[in-house]
Amino acid sequence: MKFRAIGALTRATFLTATSYRLRFVQALLTSFITVIPVFFVARALQPMMGPAIQREGRDFFAFLVVGFVVMSLVVICVDSLPSQVAGDINNGFFEALLGAPAGTPSVLVGLVAYPVLFTILRGTLMLVLAAVLGVHLSLGRAPEMLLIVTLLAVAHFGVGLIATGLMIAFRTTLSIPQVVITASGFLGGVYWPTSSIPSWVYKVSEFVPLTYGLRALRQAALDNKDLSQIASDVLTLAAFAGCLMSLGILAMSMALSYARRRGTLSQY
Amino acid sequence: MSVVPAQPPSPPVEAEHLAAFSVRVSALSKRFPVRRGWGESLRHPLSTRWVTSVDGISFDVRRGEFFGLLGPNGAGKTTLLKMLATFITPDSGSAEIEGVDITNASAEARRLVVPVIASERSLYWRLTARENLVLFAHLWSVSPVEIEARVDDVLGVVDLRDTAAKLVGQFSSGMMQRLLIARALLADPRVLLLDEPTRSLDPVSARAFRRFLREELAERRQCAVVIATHSAEEAFDLCDRVAVLDRGKLLAVGVASELARELEGNRYLAWTTMPDHPNLRPLLLHDDSVDGSPVALREMEGWTPVLLEIRGGPAAAAELLRDLVLQGVPLAALERVPMSLAALVERVVRRGREGA
């Protein structure tokens, strides 16, 4: 992995994003402002939802904010790379990048580094505002939180790699990002605890990595649980991350080889 | 001068001879599956039809040489360039860049050969020219302490130093093309691959751009350049040697001007004031050295050019001229028709297809 190449691509994407000043400021403000209506809705639903989230912090507003922040990271990890590569294939930029000896892994990480970092910044802003509005995060559990967020990012970047591989080989992601985002949103415990969903759907949610990640993260961040108390969920998430990232790397490798054989690395 | 109808694999060469070559291509082939309609795909789901894009092509390019690939659309020029750039994997044969095999050591080959991606959209339009180049300098692992100087150098080379701080989106097509070249030069390549580099330039800019390519790349940097082009003027202006391709096959390769001379054929114009002279037509029709029927073209200021095909070279032409004069045909000149490179390519392609 060439960190200089990753840094240079991140900087270029950052400069491009900030050149659209209004859009950049609006993106920051929107995430900040989103927290306010969530606060009032969560307060209204607290009496009903409180008992269901006893093991995940008890505060429905905190529950939702953590869910939203993590969900936005999941969306970026799953969807930004295939979208970016689809555009870059059509304008020849992908070919230009692969023609440089920086290496494919560095190029791929470099292409998504800025969106991921910006999403983390937006998430941090949301958490800061949530803290102002009374959410208490157990900052002493920062290492656990960091580990869980990293595993979530790795797992979902693996999905993004699979989708990107499909995009490179067949010019379609087969809607994998959309399916994963929808499934994660409804079954991963973003808006409500997985324990409150019907039993047969709950079975499906066991195949959603976000289920384990969010549950472990909320327990660490909102209920001050240490790693040993959330080990089961973290290990399951790590297994997902390992499998999905391995599959993603395999898919990318096969897709690039296929595209080189078929001559379809670019279509401009 | 070496005009060859088709190129067999190069014979083994000695080490020092080998060292003179930047590119060695040997029996390179590539075929692609043909896209089929829904009906055919459903009727024969397992069958695949193939089209051969590059068919056993061999050639060498020396250091500092401009080598042109000419041919009609679908001749295989772009596929060949993309194989050399490691973007397409060959089915068979081999190619070496400075002795490095592009298939088995593609990562190493990528350090030596740089394709100029012709798409202007492959630049960051919201960044300045300098910022675009700095990005690629990092991707090419140019030493951080050298980046500033290297970027300045290539900006100067393509004459964009004064507009380095301007957003690329505000550039003209010609400036973007020059920036794409500058981006490729950052890597200090040994071999540069250009695919129709002047297609979006006006004639004046294209001429200036070709002069720059010649002086900067070949003469100053001793960089071998393989250039695919439809433009005859471009090939004549730039290339030391050209190869003519059609349907994936290499039909001829040689020095552009010599290739033209060898293949320009036997077309002559006889300028006369009496194209309907009673002795003209019978003489031409019965002369063994004249092929086909003569064709009278449009009169110009009292003189009518009659197009002839004369076999036997200048000697036969001189003999025919003498006979025409002796028969009383008023003639001002009998001149050989120079052939444009476009016509030359067409002739080579036609000859190749007839021979196939």
Q. In the range B:176-292, with Lys and Arg counted as +1 and Asp and Glu as -1 at Cβ, which of these residues, B:203, B:222, B:250, has the Cα nearest the positive end of the dipole, that is, farthest along it?
A. B:222
Q: Could you work out the relative contact order of the range A:118-235, using alpha carbon pairs under 8 angstrom and six or more residues apart, expressed as a whole percent?
A: 32
Q. Which of the pairs B:82/B:166; B:30/B:249; B:30/B:82; B:82/B:249 have their Cα atoms more than 21 Å apart in this structure?
A. B:82/B:166
Q. Does anyone have the angle between helix B:341-355 and the longest principal axis of chain B? Alpha-carbon axes, 0 to 90°, nearest 10?
A. 80
Q: Sort A:243, B:239 so the one with the fewest other Cβ atoms within 10 Å of its own Cβ comes first.
A: A:243, B:239
Q) Considering only DSSP states other than H, G, I, E and B, which trypsin sites (Lys or Arg not before Pro) in the range B:204-298 qualify as loop sites with at most 13 other Cβ atoms within 10 Å? A) B:298
Q.
Between helix B:313-326 and chain B, what is the angle of the helix's C-alpha long axis to the longest principal axis, kept within 0 to 90° and rounded to the nearest 10?
A. 30
Q) So what is the relative contact order of the range A:30-123, in percent, for Cα pairs below 8 Å that sit 6 or more residues apart? A) 29
Q) 222 nm [θ] for chain A, helices only, -39500 (n - 2.57) per DSSP H run of 4+, per residue, to 500? A) -27000 deg cm²/dmol
Q.
Tell me the angle of helix A:176-187 to the major Cα principal axis of chain A, expressed in degrees between 0 and 90 and rounded to the nearest ten.
A. 0
Q | Positive-end residue, the range A:146-268 charge dipole about Cα centroid, Cβ charges, pick of A:234, A:189, A:170 | A | A:170
Q.
Give me the one-decimal nm value for the distance between modelled label points at residue A:29 and residue A:174, 7 Å along each residue's Cα-to-Cβ direction.
A. 4.3
Q: Convert each backbone phi in the range A:248-259 into a coupling constant with the Karplus relation 6.51 cos²θ - 1.76 cosθ + 1.60 (shift: θ = phi - 60°), then list the ³J(HN,Hα) values in order as whole Hz, x for Gly and Pro.
A: x, 5, 4, 4, 5, 4, 5, 5, 5, 5, 4, 5
Q | Inter-label distance for residue A:90 and residue A:124, nm, one decimal - labels placed 7 Å from Cα along Cα-to-Cβ | A | 3.4
Q: Take the Cα atoms of the protein assembly as shown, build their convex hull, and give its volume per residue in Å³.
A: 223
Q: Enumerate by residue number the GluC sites (Glu not before Pro) in the range B:242-320 meeting two conditions: DSSP loop (anything except H, G, I, E, B), and at most 15 other Cβ atoms within 10 Å of the site's Cβ.
A: B:299, B:301
**Q.** Nitroxide proxy distance, nm - points 7 Å out along Cα→Cβ at residue A:58 and residue B:152
**A.** 6.6
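The numbers here are math on the coordinates, done by the rules we state, and not lab data. Since we're looking at a predicted model, the values are computed, not measured. Note that we place each Cβ from the backbone using ideal geometry, even for glycine, and neighbour counts take in every protein chain shown.
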